[in-house]
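Worksheet: the structure to be examined is printed underneath.
The values are calculated or read from the model by the stated rules, or taken from the named source; none is laboratory data. Being a predicted model, the structure only gives us computed values, none of them experimental. Because the Cβ atoms are built from the backbone with ideal geometry, glycine has one as well, and the counts that use them run over all protein chains shown.
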Amino acid sequence: MPGMENAMSSEFADAQAVNSGKTRRKGMTEFRVKIVGWLFVLLATIGTTVLPQMLGYHAGSDNMVAMTILVVCEVASWTAIPLYAWLLVQGYRHTHNALQYGIRLLVLALISEVPYDIATSGKVWDMGSQNPVFALVVALIVLATIDWAREHLQGVSRWVVSVLVTIAGLAWVLILHIGLRQGMLNMGLLLVGMALIFHLMDAHENTMMMTAGVLGAVFFIMPAVGVAMLHTRQDELGYTRPWVKWVFYALYPLTLLVCALPVM
């Protein structure tokens with residue numbers, strides 16, 4: 001999945017300090033959050049491409065040891081879901097142009113789709129599951145629309161628009177099978193839900209993290225671990241080079257493509 005918008009560390013810290021009333025100085029920087037998120041993506045991708053071949057596992061196999069290892073890799077990778085939801089919210093807040101940001105995410109989602117399909121199903125085109133970057137695009141649209149409603153509408157109409165766009169976003173994620181993993185976890189739903197929590201409840205850190213943690217626990221526990229990791233974050237970007245963000249944009253499709261080569 002992609003990295004977020006570039007901003008100077010001091011600006012990032014100041015913005016967070018305004019929201020939370022204090023600045024965090026211990027824990028993971030945004031750069032480290034991206035690294036950890038990518039490592040979990042790598043784990044999931046290896047678990048669906050390289051490891052099955054190494055362990056001699058195939059669909060219908062009775063190799064329980066291999067199956068257990070693959071399931072552990074998949075479930076552990078779900079820890080990354082809240083990390084990317086949080087990164088999306090930070091990118092949205094600090095971008096200079098939300099439309100351009102959304103277009104970049106959409107282009108990344110389109111570029112990543114074929115490598116994702118090959119890595120997850122061995123097919124060049126598979127409608128059974130779409131890559132989760134599409135869920136980030138949906139979440140961004142939902143957040144931007146809610147903010148527009150809060151700024152331009154009042155009373156009941158504001159709530160109606162916010163609720164309708166949220167329902168529409170979740171519906172599209174379900175209909176298009178965005179981020180559907182192993183037929184049991186809809187990563188897209190969780191990404192949108194977590195993004196909403198992180199955006200709308202940011203002024204109340206403990207309540208925000210508790211709510212996100214409960215939601216993560218409902219989705220097979222491991223996303224809640226990712227929420228706990230975020231709670232220890234620090235309010236610093238962690239890098240100053242503007243090209244770093246482009247590296248993280250490129251890492252997702254490249255990781256999928258390289259790991260998918262053995263199953264092509």
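Residues in region 42-56 that are within 14 Å of residue 181 (Cβ to Cβ) and surrounded by fewer than 20 Cβ atoms within 10 Å (Cβ to Cβ): 43 alone. Elements of the type helices (runs of 4 or more DSSP H) sitting completely within region 148-264 and holding at least 3 residues that are under 15 Å from the mean Cα position of the chain (by Cα) and touching a residue at least 40 places away in the same chain (Cβ under 8 Å): these cover 187-200, 222-230, 244-260.
List every residue pair whose Cβ atoms lie under 8 Å apart, where the two residues are 6 or more positions apart in sequence or sit on different chains, the first residue falls within region 70-85 and is outside any helix (DSSP H, G or I), and the second residue, located anywhere, is of a type in the set (D, E, K, R). Pairs that qualify, where the first residue is outside any helix (DSSP H, G or I) and the partner is of a type in the set (D, E, K, R), are 78/181.
For residue 158, indicate whether it is surrounded by 13 or more Cβ atoms within 10 Å (Cβ to Cβ) and farther than 21 Å from residue 99 by Cβ. Steps first, answer last, please.
Working: surrounded by 13 or more Cβ atoms within 10 Å (Cβ to Cβ): yes; farther than 21 Å from residue 99 by Cβ: yes.
Yes.
Is it the case, given these coordinates, that residue 103 is within 14 Å of residue 133 (Cα to Cα), at pLDDT 95 or above, in a helix (DSSP H, G or I) and touching a Pro at 6+ places or on another chain (Cβ under 6 Å)?
No.
Taken together, the residues in region 173-193 that are under 11 Å from residue 134 (Cα atoms) and either at pLDDT below 95 or touching a strand residue (DSSP E or B) at 6+ places or on another chain (Cβ under 8 Å) (or both) amount to 7.
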